[in-house]
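The values are calculated or read from the model by the stated rules, or taken from the named source; none is laboratory data. Note that the coordinates shown come from a computational prediction; the quantities given were computed from them, not determined experimentally. Virtual Cβ from ideal backbone geometry, glycine too; neighbours counted across all protein chains shown. Keep in mind that these areas ignore ligands, DNA and RNA; they rest on the heavy atoms of the full protein, side chains included. Shrake-Rupley method; radii C 1.70, N 1.55, O 1.52, S 1.80 Å.
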Amino acid sequence: MPTFPPLKNDLLLRTARGETTDRTPVWMMRQAGRYLPEYRAIREDHDFFEVVETPELAAEVTIQPVERFPLDGAIIFSDIMVVPEALGLTVEMVSGQGPTFPEPLATPDDLDRLVDPNIDAALGHVFDALTRTRHELEGRVPLIGFAGAPWTLMAYMVEGGGSKSYRHARAWLYRHPEAAKDLLRRTTDVVVDYLIGQVEAGAQMLQVFDSWAGLHGPDTFRTFCYPYLDEVASRVKSACPEVPLVVFAKNAHYALDALADTDYDVISLDWSMDPEAARETVGDRAVLQGNLDPCALYAPPDALRRHVQHMLAGFGPHHHIANLGHGMLPDHDPEHARVFVDTVHEQSEQMRTV
Ligand code: 1CP
């Protein structure tokens, strides 16, 4: 394991482990990205995967939001699509459309196209970016690694890109259930090794993004989503017991109670969930993260402050990591991100004095 500068702000890690702290930690999903002019400047000269695959550029972009705002964490600049790429699929980033697979997995026969990757060879650039970023952060804040959850990655690999209904991917669950499980198992193995490799390279907390968990009904969730999410957590936890694990299963309301029984330390909520109700369901089984509607950042600053205060009051002062309910959007005003972060600082300290 490389050695790194000592951590000066460990608020995020302590809160994720269930400790009580003097202030609520705050970071934002997609905090590095197109809403920042300094990110757009880099993207003028480099395409998306070039930034991801060049450790110097990935480190620079990861640190940009930390330079600008008083955040309590940095998330490595990468994408969940690096795992399908490691499995042998081609992914292109189409401007205005997001990631696209020119040859998605159309039938179970296509599973023969997948490779059993050598993780270091296929994903070493992410590990190098993490190690480099950890050094360049100089201990300012912890570095978060991440991966897509098996189901969400399957959804993209079968569908071929973003979609409203993911009907091709969901059709597989009914037409080819055994092939779907085979794909999910193979993806799970890669995700587990990838997450453990990120810790060895310098990641101090890990988040698993199941952005399309909400497409399931309770039955398909139990069969095709939950077991793999659960397995990722238990295998990573036994390899890296000290590293907090976060799960973001977007729109999976019905799953909250079950998620609280996994090895994830933190459950990240989207904005459709009520903080108080979520707290009641989860109890002390997990720390909660979230969940301001990203569109609240379009409100004028005074109204935005009230929305942030309301959210903080709903979660209460402890066992909460302030975040958005999903990612920053490309046309967000960076000054409104600042209002969000500053309000968490001010209000969460005040909440502890009353
Ligand atoms: O042109 C650009 O610069 C591309 C925009 C962009 C960015 C900034 C994409 C394309 N990915 C990213 C980086 C990224 N992606 C990060 C790291 C940066 C950070 O958080 O600060 C992370 C954590 C992700 C994760 C990711 N990618 C998820 C899970 C989280 C979520 O938003 O639900 C998903 C679903 C993706 C796929 C993806 N990558 C990019 C887009 C536009 C999409 C969504 C496609 C779609 O479903 O329509």
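Quick check, is TYR228 in contact with a Leu (Cβ under 7 Å, 6 or more places away or on another chain), under 23 Å from GLY73 (Cβ atoms) and of a type in the set (Ser, Thr, Tyr)?
no
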Exercise. Hey, which of the helices (runs of 4 or more DSSP H) in region 174-274, taking only ones fully inside, have at least 2 residues that are farther than 21 Å from ARG285 by Cβ and open to solvent by 20 Å² or more (accessible area, probe 1.4 Å)?
Worked result: 177-201
Exercise. How about region 161-171: which of its residues are within 11 Å of the ligand (Cβ to nearest atom) and open to solvent by 10 Å² or more (accessible area, probe 1.4 Å)?
Worked result: GLY162, SER163, LYS164
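Listed here are the residues, each with its yes/no results for (1) within 30 Å of ARG170 (Cα to Cα); (2) open to solvent by 20 Å² or more (accessible area, probe 1.4 Å); (3) within 9 Å of the ligand (Cβ to nearest atom).
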| position | (1), (2), (3) |
| --- | --- |
| THR62 | no, no, yes |
| GLY73 | no, no, no |
| VAL82 | yes, no, no |
| VAL91 | yes, no, no |
| HIS125 | no, yes, no |
| HIS135 | no, yes, no |
| PRO142 | no, no, no |
| GLY148 | yes, no, yes |
For this session: Give me the pairs, please: first residue somewhere in region 215-235 and free of Cβ contacts under 8 Å to residues at least 60 places away in the same chain, second residue anywhere and aromatic (Phe, Trp, Tyr), beta-carbon distance under 8 Å, and either six or more positions apart or on two chains.
Result: PRO218/TYR254; PHE221/TYR254; ALA233/TYR264
Problem set entry | Candidates THR133, THR100, filtered to the one that is of a type in the set (Val, Ile, Thr), within 19 Å of TRP212 (Cβ to Cβ) and more than 17 Å from the chain's Cα centre (by Cα) | THR100
Exercise. Any idea which residue in region 93-110 is farthest from GLY162 (Cα to Cα), counting only those that are loosely packed, with under 15 Cβ neighbours inside 10 Å and at pLDDT 95 or above?
Worked result: ASP109
Exercise. Which of the residues belonging to region 6-34 are away from the ligand (no atom under 14 Å from the Cβ), buried (at least 20 other Cβ atoms within 10 Å of the Cβ) and among the β-branched types (Val, Ile, Thr)?
Worked result: THR15, THR24
Exercise. Among LEU324, LEU288, LEU312, which is within 16 Å of the ligand (Cβ to nearest atom) and closer than 29 Å to TYR264 by Cβ?
Worked result: LEU324
